[in-house]
Amino acid sequence: MAMGAILEVQPEATFIQSESSEYFHPVNPEAEKLANFLNQKRFLSLDLTYGYPINVTMYEYLLDNGMTREEYHWFEDHQVTARCIMGNDYYLTNEHLVHPDGFTTSAGEIFGYYTITRQYYNRYRLPIMHTETNRTMPDSVDWFYKEWTNVHKLKKDGIPIVGFTWYSLLHQVDWDSALRHDRGVVNELGLFDLDRKIMPVGKAYKKVISQWRDVLANESYGLLFRV
């Protein structure tokens, strides 16, 4: 509805819908069925947004959890014709181990951004932007280079990826509690600290832009760095 209202004012608008890119790994054969279900469910919000036909399992899941047939068909009937970029976030916590009892734990990086992003692209065939990632020191610089090389490899392999974002420009405050508690805890995730002094990852970010400036500016490459 918001997209439709925006297009009435600016018909040339481009929309970037950011979503966490996930993957669920079964720890053993008994967890395979649940992992398959969760790997279908991870697409659900984008399926509804982009009008991708969902399967019976997901349709039953929606009905079982309160969506009516009329509400489901509303998404089918209100697809917005617009330029859309699929934003996907990737952190160390985006891959999960699924246990037979339904419990999930962090898997760390198994497939990585490249493999998971190709799964999302193969499903929706839309331009992509890496819309969020970060790590704290002392791992932030290595993580940044890893994510950048994944983005660059996707671009070289013909995936229409248009941008990269380190989140965020400055250190965050109380992000560890998702802002639920006002404790003033500084989460050192920024390219700069709260005194606006550049962090090592900020220097690496700046260095990559400088080194790849001519390539990034080329229309045939077309990749933007964001913060």
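Quick check: anything in the stretch 96-113 crowded, with 16+ Cβ neighbours inside 10 Å, in contact (Cβ under 8 Å) with a residue 12 or more places away in the chain and under 30 Å from LEU7 (Cβ atoms)?
no
Which number in (1) touching a residue at least 24 places away in the same chain (Cβ under 8 Å); (2) loosely packed, with under 15 Cβ neighbours inside 10 Å; (3) under 16 Å from ASN134 (Cβ atoms); (4) out of contact with any helix residue (DSSP H, G or I) (no Cβ under 9 Å at 6 or more places or on another chain) marks the one condition that ARG196 misses?
Going through the list (1) touching a residue at least 24 places away in the same chain (Cβ under 8 Å); (2) loosely packed, with under 15 Cβ neighbours inside 10 Å; (3) under 16 Å from ASN134 (Cβ atoms); (4) out of contact with any helix residue (DSSP H, G or I) (no Cβ under 9 Å at 6 or more places or on another chain), ARG196 breaks only (3).
How about the stretch 29-51: which of its residues are in contact (Cβ under 8 Å) with a residue 40 or more places away in the chain and of a type in the set (Phe, Trp, Tyr)? Let's see the steps before the verdict.
The first filter runs over the stretch 29-51 and keeps only residues in contact (Cβ under 8 Å) with a residue 40 or more places away in the chain, leaving 30-31, 34-35, 38, 43, 46, 50.
Answer for the stretch 29-51, where residues must be in contact (Cβ under 8 Å) with a residue 40 or more places away in the chain and of a type in the set (Phe, Trp, Tyr): PHE43, TYR50.
Can you pull out the residues in the stretch 192-214 that are in contact with a His (Cβ under 9 Å, 6 or more places away or on another chain) and either modelled with pLDDT under 95 or closer than 17 Å to GLY163 by Cα (or both)? Talk me through it step by step, then tell me what you get.
Within the stretch 192-214, the first condition is being in contact with a His (Cβ under 9 Å, 6 or more places away or on another chain), and the residues that meet it are 192-194, 199, 212.
Result: TRP212, single match.
What's the total number of residues in the stretch 121-148 that are part of a helix (DSSP H, G or I), polar (S, T, N, Q) and either in contact with a Lys or Arg (Cβ under 6 Å, 6 or more places away or on another chain) or surrounded by 14 or more Cβ atoms within 10 Å (Cβ to Cβ) (or both)?
Applying the first criterion (part of a helix (DSSP H, G or I)) to the stretch 121-148 yields 121-124, 140-148.
Imposing the further condition that a residue be polar (S, T, N, Q) reduces the set to 122, 140.
Subsequent filtering for residues that are either in contact with a Lys or Arg (Cβ under 6 Å, 6 or more places away or on another chain) or surrounded by 14 or more Cβ atoms within 10 Å (Cβ to Cβ) (or both) retains 140.
Going through the stretch 121-148 one residue at a time, the tally reaches 1.
Can you find a residue in the stretch 28-45 that is under 20 Å from the mean Cα position of the chain (by Cα) and at pLDDT below 95?
Yes, the stretch 28-45 has at least one match.
Among the residues of the stretch 22-60, which ones are touching a strand residue (DSSP E or B) at 6+ places or on another chain (Cβ under 8 Å) and within 22 Å of GLN79 (Cβ to Cβ)?
Once the filter is applied, which keeps residues that are touching a strand residue (DSSP E or B) at 6+ places or on another chain (Cβ under 8 Å) and within 22 Å of GLN79 (Cβ to Cβ), the stretch 22-60 yields ARG42, SER45, LEU46, THR49, TYR50.
Every residue in the stretch 81-115 that is out of contact with any Asp or Glu (no Cβ under 7 Å at 6 or more places or on another chain), part of a strand (DSSP E or B) and polar (S, T, N, Q), please.
THR104, THR105, SER106
Restricted to the stretch 16-57, and to residues that are of a type in the set (D, E, K, R) and farther than 15 Å from GLY102 by Cα, which residue is surrounded by the most Cβ atoms within 10 Å (Cβ to Cβ)? Step through it out loud before you land on a result.
Taking the stretch 16-57 first, the residues of a type in the set (D, E, K, R) are 19, 22, 30, 32-33, 41-42, 47.
Add one more test, that the residue is farther than 15 Å from GLY102 by Cα, and what stays is 19, 22, 42, 47.
Details: GLU19: 17, GLU22: 19, ARG42: 21, ASP47: 19.
Selected residue: ARG42.
Take the stretch 58-80 and flag every residue that is free of Cβ contacts under 8 Å to residues at least 40 places away in the same chain and either exposed (fewer than 12 other Cβ atoms within 10 Å of the Cβ) or not in a helix (DSSP H, G or I) (or both). Break it down stepwise before answering.
Kept after step one, since they are free of Cβ contacts under 8 Å to residues at least 40 places away in the same chain, are these residues of the stretch 58-80: 58-77, 79.
Passing the criteria: GLU60, ASP64, ASN65, GLY66, MET67, THR68, ARG69, GLU70, HIS73, GLU76, ASP77, GLN79.
The values are calculated or read from the model by the stated rules, or taken from the named source; none is laboratory data. Please read all numbers here as calculations on a predicted model, not as lab measurements. Glycine gets a Cβ as well: all are built from the backbone with ideal geometry, and neighbour counts include every protein chain shown.
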